[in-house]
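Reviewing the structure listed below.
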Amino acid sequence: MNENDYIDRVLALLPRATPLRAQIEMELRGHIAESIAQGHSLEEAVAQLGDPVRLAESYLSAVPLEPAPHLARIAAKLVDIGTVVGIAALPVLVAWFVVSPEVLPFVAGIAVLCGGIGFLIYTIVAEHRRGQTIGKRLTGLQVVTESGMPIGLGQSVVRQLPLALQVLWIDALFALFTDRRQRAFEMLSKTRVVNAER
């Protein structure tokens, strides 16, 4: 593993909104350069820094995680739902003018089903890949692990189970009574929603 690969692995574990990200990169490059200047090989210099996951966690432990406000989370969810409803409404609108009235309820039903499945898939993928949906991005929120790192695909799936199981309201009530404002399935998946600008 070369210097750039190691540093890229560490930075990939830090959420994009992590403050001082450029400074962390410069610090890592400086440490490796200093170690090489003292006569160590690149492998030894990287080994001194340790496992990229643990190193990223140590940087993140110095960054306080501020729980997302309830109203911002609600606003983010409404934006996401509105986006999906807007997209799902397009085929129904087209069908209104094209198909016969007897077929229109069938088309609307398919649009609702596809919209629901699409919303679920979109949320899972967006939170896994970027830590944010459109709504969370607009409201300045981000999904991270409890230590502040990006979430995995499995964690993203577990976070969305209440929607698939139709227990979203019960799950959401937990956020009112927990210190970190976590939903039940967020606690289960060891994830949190935090202010992205930390």
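Of the DSSP H helices in the chain, those with a Cα length along their own long axis of 30 Å or more and a mean Kyte-Doolittle hydropathy reaching 1.0 comprise 70-98, 104-129. On the basis of the beta-carbon distance and an R0 of 30 Å, ARG130 and GLU102 show a calculated FRET efficiency of 0.10.
Close amide-amide hydrogen proximity is noted between ARG180 and no other residue 5 or more places distant or on a separate chain, at a cut-off under 5 Å (H modeled in the peptide plane; Pro and chain starts excluded). Residues whose amide H comes within less than 5 Å of that of LEU141, counting only those at least five positions distant or on another chain, are ALA196 (H built at 1.01 Å from N in the peptide plane).
Using only side-chain charges placed at the Cβ, +1 for Lys and Arg and -1 for Asp and Glu, the dipole size of the chain relative to its Cα centre rounds to 720 debye. Adding -39500 (n - 2.57) for every DSSP H run of four residues or longer, then dividing by how many residues the chain holds, sets the calculated 222 nm ellipticity at -21000 deg cm²/dmol.
Determine the distance separating the Cα centre of the range 98-137 from the Cα centre of the range 165-182; give it in Å without decimals. The range 98-137 and the range 165-182 have Cα centres separated by 23 Å. To the nearest 0.05, what FRET efficiency results for GLN38 and ALA12 with a Förster distance of 25 Å applied to their C-beta separation? The formula returns an efficiency of 0.35 here.
Applying 0.36 nm per residue to the separation of ALA22 and LEU163 and subtracting their alpha-carbon distance, the gain on full extension is 47.0 nm. Judged by the mean number of other Cβ atoms found within 10 Å, the most tightly packed of the peptides 122-133, 178-189 leads the ranking 122-133, 178-189.
In this label model, CYS114 and LEU78 are separated by 2.8 nm, measuring between points 7 Å along each Cα→Cβ vector. In units of the rule-of-thumb radius 2.2 N^0.38 Å, the chain shows an alpha carbon radius of gyration of 1.32.
Working out 0.36 nm times the residue gap between MET1 and HIS70, then minus their Cα-Cα distance, what length gain in nm do you get to one decimal? My answer for the length gained is 20.5 nm.
Each value in this text was obtained by applying a stated rule to the coordinates, not by laboratory testing. Only a predicted model underlies this, so the values are computations on that prediction, with no experimental measurement involved. A quick note on method: Cβ atoms are made from the backbone with ideal geometry, for glycine too, and the neighbour counts reach across all protein chains shown.
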